[in-house]
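Here is the structure we will look at, set down as structure tokens.
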Amino acid sequence: WDTKSNPTGNCRENQCNIANKTHCVELDACMWDTRVGKALCREDKCRPYNNRSTTALRLEGCRGDSACLTVNGVCNENWCSGYSSETGCDADRLCKWDITTSPSRCVPTYCSTYLTPTDCAAGDTECEWDDSLTNQQNIATGDPSTGVCIKKRCWFDTTACSCMGRANCFWQDAQCRTQEYYNVSNVDIYVMLDGTSALGSNFGSHTYGFAALVKQMKNFVETMPLTGTSQGETAPATNNGVRILFSQWGAAKGLTYSPVSKLSGNRSELMRSLEWHQSNYVNLMATPDYVNAFINASSDVDLNKDSGRNMMLAIFVAVGLTSTPNKAGTSLKFIEDAGCDIVTIALKPASTSSLALS
């Protein structure tokens, strides 16, 4: 019974009872949905509204349906609302996990509502089209899937003129930088992520605490001025950019590294490292000895000091385990003696039930 194409309703056949993906996406009424459970061909929930006889009726139906969005006068399915998990939502560049609502939910990003390069460029000066990304909704509907409209990144600008014309961007040391990090020094940051079971389940409004921590680190990598050097390459002291090495503590023996196991100032390498850590979460279980796990991990830190560069060890520890570094005693002394600053960041659910760093 269809009340979307015709408000008075009519009985019709299900158009998308199709087992083959290729045949499914050939039909405008259908989409191939792989987000929840077994892949299946189903009707697009919102396109039938576009069949109504007048624009007013089309908009009335679409705007009254929480599963739909109106974009340029056309009714489209709210694709992001189909994700039930934070990890699935965040993996799709059309979407973001919204922790400002209760319960938390997956919503479209601001820029992703611009569906073409032309609309993206004309719609908002703080949005840009990225051809390297894939539009997952368009894959499901069989439409061209190359490119997504995303929030502009300062480091994409290569000239001082274009950089300084942007909100929140600043030209410094021949780089376009996010303004809050415009004067960052030449520092190497060794990051020990809390890989214990403390982040293995719900954490505030996040469905998976460790994934939320990885997301915070991705945002950090996206905005931080980097040296541009790949892992293992020497970074010159005159390059006021950052290199990072991610690892997890919480395993019985030492630190857990991704294949990016050396300091890197390469954004793609660092993103791959974080993806690896999310897929290889240590998740220490069964009467865990956090103190010994931390001692073993901290003694495994491999400092590689290049001339003229500063060093920092950033240790992420879930609330409830914050005394662990202190109990580990002198295990960090050799790091301090090497001239490396040590910062411990406590992870806790914030007042808004998000992941907070303190």
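The values are calculated or read from the model by the stated rules, or taken from the named source; none is laboratory data. All of these numbers come straight from a predicted model, not from anything done at the bench. Note that we place each Cβ from the backbone using ideal geometry, even for glycine, and neighbour counts take in every protein chain shown. Please note that ligands, DNA and RNA were not included when accessible areas were found on the heavy atoms of the full protein model with its side chains. Shrake-Rupley method; radii C 1.70, N 1.55, O 1.52, S 1.80 Å.
For a protection proxy built on the mean count of beta-carbon atoms within 10 angstrom, sort 190-196, 9-15, 96-102 highest first, please. Walk me through the numbers on the way to the answer.
On the way: 190-196: 25.1, 9-15: 10.1, 96-102: 14.9.
Highest to lowest by the protection proxy: 190-196, 96-102, 9-15.
Charges at C-beta only: +1 for Lys and Arg, -1 for Asp and Glu. How large is the resulting dipole of region 214-305 about its Cα centre, in Debye rounded to 20? The partial results should precede the final answer.
On the way: 8 positive and 7 negative charges, 30 e Å.
I would put it at about 140 debye.
Taking the 0 to 90 degree range and rounding to the nearest ten, how far is the long axis of helix 209-223 tilted relative to the main principal axis of the chain, both from C-alpha atoms? Approximately 80 degrees, to the nearest ten. Rolled with a 1.4 Å probe across the full set of protein chains, the surface gives Ile150 an accessible area near 10 Å². Karplus-derived 3J(HN,Hα) values for region 337-348, using 6.51 cos²θ - 1.76 cosθ + 1.60 with θ = phi - 60°, are 5, 7, x, 9, 6, 10, 10, 9, 10, 7, 9, 8 Hz; glycine and proline are entered as x.
Counting heavy atoms of the protein chains only and a 1.4 Å probe, report the per residue accessible area for region 91-168 as a whole number of Å².
Numbers: 4220 Å² over 78 residues.
Accessible surface, normalised per residue, equals 54 Å².
Rg over Rh for region 1-124 works out to 0.98, using Cα positions for both radii and the Kirkwood form for Rh. Since only Thr125, Met271, Ala251 are under comparison, the one whose Cα sits farthest along the positive direction of the charge dipole of the chain, derived from C-beta charges on Lys, Arg, Asp and Glu, is Ala251. For the chain, the Cα gyration tensor yields ellipsoid semi-axes of 44, 25, 17 Å (square root of five times each eigenvalue, largest first, whole Å).
Give the carbon-plus-sulfur fraction of the accessible surface of region 134-255 in %, rounded to a whole number; probe 1.4 Å, heavy atoms of protein chains only.
On the way: 2440 of 4910 Å².
Carbon plus sulfur share of accessible area: 50 percent.
Under 5 Å from the amide H of Asp98 lie the amide H atoms of Arg105, Cys106, Val107, each residue being 5 or more positions distant or on a separate chain, with H modelled from the backbone and absent for Pro and chain starts. Return one number: the angle in degrees, 0 to 90 and rounded to the nearest 10, between the long axis of the Cα atoms of helix 267-279 and the longest principal axis of the Cα atoms of the chain. Tilt relative to the chain: about 80 degrees. Taking every DSSP bridge with both residues inside the chain, close to 55 percent are antiparallel. Proximity of backbone amide H atoms, modeled 1.01 Å from N, is registered between Ile18 and Cys41 at under 5 Å, excluding neighbours fewer than 5 places apart on the same chain.
Amide H contacts for Cys30 (H built 1.01 Å from N in the peptide plane; partners 5 or more residues away or on another chain; cut-off under 5 Å): Asp44. Distance from the alpha carbon centroid of region 149-163 to that of region 208-272 works out to 22 angstrom.
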